Amino acid sequence: MEAFLTSTLAVALAEVGDKTQLLALVLATRFRRPVPIVAGILAATILNHALAGLLGAQVAAWLGPAVLRWGIGLGFLAMAGWTLVPDTLDDDGEEGAAHGNPFVATFVAFFLAEMGDKTQLATVGLAAAHPGATAWVVAGTTVGMLLANVPVVLVGDWLGERLDLSKVRFVAAALFAVFGAWVLWHGV
C-alpha cells in the first residue's frame, strides 16, 4: 500500500501545472465532452505508466542496491528542481486535439505528452524504488494523474483562475526533495 500511496501523492502534486494538465484544459474547452476526455486520459496514462513501471522494475533488477540507491535519490532531487519550473503547452499539443474524436485525440495527445515527462520519469523511479510493487506504483501514478487532471477537465476555467500553481509546484518540489533525501539516507 505504501507504493500506491507514495506514487499517488507524488504524481498528483507533480502534475499540477504540468503541460498535460494544460493539455486537459485545452481539450476540455475544445470538445466540451468530459467523459471521453477523462477516458482518454485514463487509457493513455495506464499504457504510458505501465511501460514506465516495467522499465523501472527492470532498472532495479539490472543495478545493484548501491547504484540504485544513488540513482533514485539523485533522480528525486532532480525532479524537485524540475518541478519548480512551470510548463507551457506547445502549439503542437493544441493542434493535435483540434480534429476528430475527443477520446482518440486525448489518448494520443496525452500518451505523447507524457513521453519523457517528469511524471513518467517519476513512475520509472518509483517502480525501481518499490521492487515487486510495479502494479501498485502504476495504479498509484494513474490515480495521481486522474486526481490532478479530472478536476481540470470538469471545472477548467474556474480552477485555473483560483489556484496558485507556484505554491503547489513548491509543495511538489519539496515532496520530491524529501523522497530523494530519504532514499539517499535510508536506501530504497
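The values are calculated or read from the model by the stated rules, or taken from the named source; none is laboratory data. The shown structure was predicted, so the numbers you read here are calculated from the model rather than taken from an experiment. Positions of Cβ are generated from backbone atoms using ideal geometry, with glycine treated the same way; all protein chains shown enter the neighbour counts. Calculation scope for accessible area: heavy atoms of the full protein, side chains included, ligands and nucleic acids excluded. Shrake-Rupley method; radii C 1.70, N 1.55, O 1.52, S 1.80 Å.
Filtering the range 1-12 to residues that are of a type outside the set (Gly, Ala, Ser), under 13 Å from the mean Cα position of the chain (by Cα) and either part of a loop (DSSP other than H, G, I, E, B) or surrounded by 21 or more Cβ atoms within 10 Å (Cβ to Cβ) (or both) leaves Thr6, Thr8, Val11. Scanning the range 17-29 for residues that are of a type outside the set (S, T, N, Q) and open to solvent by 20 Å² or more (accessible area, probe 1.4 Å) yields Lys19, Leu22, Leu25, Val26. Scanning the range 30-41 for residues that are touching a residue at least 40 places away in the same chain (Cβ under 8 Å), within 24 Å of Val11 (Cα to Cα) and either open to solvent by 70 Å² or more (accessible area, probe 1.4 Å) or over 18 Å from the mean Cα position of the chain (by Cα) (or both) yields a count of 2. Identify all residues within the range 27-42 that are within 12 Å of Leu154 (Cα to Cα) and among the aliphatic types (A, V, I, L, M); write none if there are none. Across the range 27-42, the qualifying residues are Leu27, Ala28, Val35, Ile37, Val38.
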